[in-house]
Amino acid sequence: MIRLAMIRHGHTHWNRAGRIQGRTDIALDDQARAELAMQKLPGDWGNAALVSSPLKRAFDTAKIIADRTPATDPALIEMNWGDWEGKEGKILKDDPQSGFRDIENWGWEYRPPNGESPAEVWARLEPWMHGLREDTVAVCHIGIMRMILARAHGWDFDGPAPFAVKRNRLFVVEIENGKMTPWPDQIRLEKRAV
């Protein structure tokens, strides 16, 4: 059995403004860097393999909380939001012409204009996940975590999600014989000794 622990990158100024980042390579903001510097991976997760998305917000989060440089993997890059990258989600949601939907109404085939569907994201994630050979911490993005957690929970983006992706927490999925089992509880990052 392999354990995969996923954590979402720290805040960027686009996150705080409600802008969709997708694959746009936005850096962590100063407040996020300061907050992350006071935290670390918990317990034995500090010894697990460490990998991140190639985007700097994930790479820098991994480096800060683990005190080491992560490997990167393109499979972990955020979902491509196409024409909506850089735009505010609230504005898109308020515009009936945008086609924007809440996550509970996506289905696996929902695709932003010139973007990527959840099914396409899963197609690149699945081989990566099943190629893991040791317990791994993956520092990535909410979209990536949603796809993996959706599969693990058997959720099809059709109604309220059975999970809520929060920051500074590890979301663990056990992988064995092609089956994924999510842990019921998240693990908080630990505070560093001052």
Checklist outcome for this item: Residue-normalised value, i.e. accessible area per residue, for the range 68-117 at 1.4 Å probe, in Å², stands at 55
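To the nearest 20 Debye, how big is the dipole of the chain about its Cα centre, given +1 on the beta carbon of each Lys and Arg and -1 on that of each Asp and Glu? Don't skip to the end; give the middle numbers.
Numbers: 27 positive and 28 negative charges, 119 e Å.
About 580 debye.
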Checklist entry - Under the rule of -39500 (n - 2.57) per DSSP H run of 4 or more residues, summed and divided by the residues of the chain, what mean residue ellipticity at 222 nm is obtained, to the nearest 500 deg cm²/dmol? => result -8000 deg cm²/dmol
Checklist entry - Among TRP108, ALA164, THR181, whose Cα lies farthest out toward the positive end of the dipole of the chain, if unit charges sit on the beta carbon of Lys, Arg (+1) and Asp, Glu (-1)? => result ALA164
Checklist entry - Which value, to two decimals, describes the C-alpha radius of gyration of the range 34-93 once divided by 2.2 N^0.38 Å? => result 1.41
Checklist entry - Which FRET efficiency value, to the nearest 0.05, do you get for GLU88 and ALA123 by plugging their Cβ-Cβ distance into 1/(1 + (r/R0)^6) with R0 = 30 Å? => result 0.55
Checklist entry - Between PRO74, GLN97, PRO118, whose Cα lies farthest towards the positive end of the dipole of the chain when Lys and Arg beta carbons carry +1 and Asp and Glu beta carbons carry -1, centred on the Cα centre? => result PRO74
Next on the checklist: For a quick size check, give me the Cα extents of the range 61-171 along its three principal axes, largest first, whole Å.
Outcome noted: 45, 28, 24
Checklist entry - Between rounded, prolate and oblate, where does the range 108-194 land on the alpha carbon gyration tensor, with a ≥ b ≥ c its root eigenvalues, rounded for a/c under 1.5, else prolate if a/b exceeds b/c? => result prolate
Checklist entry - Going by a ≥ b ≥ c, the root eigenvalues of the Cα gyration tensor, does the range 1-54 fall in the rounded group (a/c under 1.5), the prolate group (a/b larger than b/c) or the oblate group? => result oblate
Item to check | Positive-end residue of ILE20, THR136, LEU36, charge dipole of the range 1-156 with Cβ unit charges | outcome: LEU36
Checklist entry - In whole percent, how big is the carbon plus sulfur part of the accessible area of the range 62-194, probe 1.4 Å, protein atoms only? => result 47
Checklist entry - With contacts defined as alpha carbon pairs under 8 Å and 6 or more residues apart, what's the relative contact order of the chain in percent? => result 33
Checklist entry - Leaving out same-chain residues fewer than 8 places away, which aspartates and glutamates sit with a Cα under 20 Å from that of LYS179? => result GLU120, GLU126, GLU134, ASP135, ASP156
Checklist outcome for this item: Checked the chain against the a/c 1.5 cut and the a/b vs b/c comparison, axes a ≥ b ≥ c from its Cα gyration tensor; verdict oblate
Item to check | Residue-by-residue Karplus 3J(HN,Hα) for the range 78-87, coefficients 6.51, -1.76, 1.60, Hz, glycine and proline x | outcome: 4, 3, 7, 8, x, 5, 8, 4, x, 8
Next on the checklist: My understanding is that a pair violates if its Cα-Cα distance is over 31 Å; which of LYS93/LYS191; LYS40/LYS93; LYS56/LYS87 do that in this structure?
Outcome noted: LYS93/LYS191; LYS40/LYS93
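The values are calculated or read from the model by the stated rules, or taken from the named source; none is laboratory data. Here the structure is a predicted model, which means the values were calculated and not measured. Heads up, the Cβs are rebuilt from the backbone with ideal geometry, glycines too, and the neighbour counts pull from every protein chain shown. These accessible areas exclude ligands, DNA and RNA; they are computed on the full protein's heavy atoms, side chains included. Shrake-Rupley method; radii C 1.70, N 1.55, O 1.52, S 1.80 Å.
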